[in-house]
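This report refers to the structure that appears directly beneath it.
Just so it is clear, none of the values below were taken in a lab; they were calculated from the coordinates. The structure presented is a predicted model; accordingly, all values stated were derived computationally and were not measured. For neighbour counting, all protein chains shown are included, and Cβ atoms are generated from backbone atoms with ideal geometry for every residue, glycine included.
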Amino acid sequence: MFVNKTHKKGHELLLNGKYTEAIALFTDALELDPNHPDIYSDRGVAYLHLKNEQNCMEDLDTALTLQPEYSFRFASRAYAKDFFGNTEAAIEDYEKAVALDPEDAVAHNNLGLLLEKLGFQKQAQENFKRADALSKQEKKLFDLLAKIEDYELESSPEITNAEGMEVTNSMAMDSSIEIQEKVAGEEVAQEVSAQKRSSFQEFRRIFTSKLQFSEFLRFVKNGFRIK
C-alpha cells in the first residue's frame, strides 16, 4: 500500500486531518518514487479535503495516466469531479470504471446515485440492483474466505485428529484445499489478485474521520443504499 516510509508518514497525517503537512510529505515521497500512482492519488485526496480543485484534479489525472487500466483511478476521479460540482463528467468516469471492472459494486452504486441525482431513475435503479447483487456476492465470498483463514490458523503440525494421528502440514493443506474447492463449488469464488485493492479498501482512504467511515460502513451494511 505504501511506496516508501515518507509516503506512509504522509498517509498517517492525512488520516489525522493534517492535510497541508501530508501534502508536503507526499511531495517528498514523489522525489523518491516520482512515477508511483498511489502517491499522486493520496496527495490528490489531501487537496480534495482542502478544496483545492486544480491541484486535486491534476494529481488524480496523473495517477490515472500512470495506471490507465485500473478502474479505481476513474472511480476516484469521478468522486472528486462530483465533489467539485461536475456531476456529468463524474458519471462518464464512473461508466469507464464499471466498464473496466464490471464487478465493482461501489462504482455501480455511486454511478446510480449520480444518475438518480440528474433524474435518470431507470438507469439508476439498474445500477443499484447490480450493486446490491454484487455486494451480497462479495459478502458470501469474504465470509467463506474468513472461514478458510480461521481453519488454517487453527491447524498446526502438532494437532492430532480424533483417532490420535498427527496432523501434518500437508494434511492441513489438503483440508484447506477441500474448503477452497467447496467455495468454488458454491459459485462465489473469484480470482483475487494481491496487486489489486478492492474499491472498499480504496474508498476507506478517502474518509479520514471515524464518523465519516462509520457512516460509510452503515451505507455498506444497508446494501450500498442510502436509507
- Message: Neighbour counts of other C-beta atoms within 10 Å: give me L100, L25, L113, L118 arranged from fewest to most.
- Response: L118, L100, L113, L25
- Length gain on complete extension for the stretch E21 to D61, per 0.36 nm per residue less the alpha carbon to alpha carbon distance? 12.2 nm
- Message: Which of the three applies to region 1-68, rounded, prolate or oblate, going by the alpha-carbon gyration tensor with a ≥ b ≥ c and a/c under 1.5 meaning rounded?
- Response: oblate
- Message: I need the phi-derived Karplus couplings for region 108-124: 6.51 cos²θ - 1.76 cosθ + 1.60, θ = phi - 60°, integer Hz, Gly and Pro marked x.
- Response: 4, 5, 5, 4, x, 4, 6, 4, 5, 4, 8, x, 8, 5, 4, 5, 4
- For region 1-24 and region 37-79, what is the separation of their C-alpha centers, rounded to whole Å? 15
- When a footprinting reagent is the concern and you count Cβ atoms within 10 Å, what order do I23, I91 take, fewest first? I91, I23
- Task: With an 8 Å cut-off on Cα pairs and a minimum separation of 6 or more residues, tell me the relative contact order of region 1-68 in percent.
- Result: 28
- Item | Estimated FRET transfer efficiency when R0 is 41 angstrom, pair K5-Q123 (beta carbons, to 0.05) | 0.35
- Item | Shape category assigned to region 29-85 from the gyration tensor of Cα positions, a/c cut at 1.5 | oblate
- Query: What list do you get for H7, H49, H108 if you sort them by fewest beta carbons within 10 Å?
  - Reply: H49, H7, H108
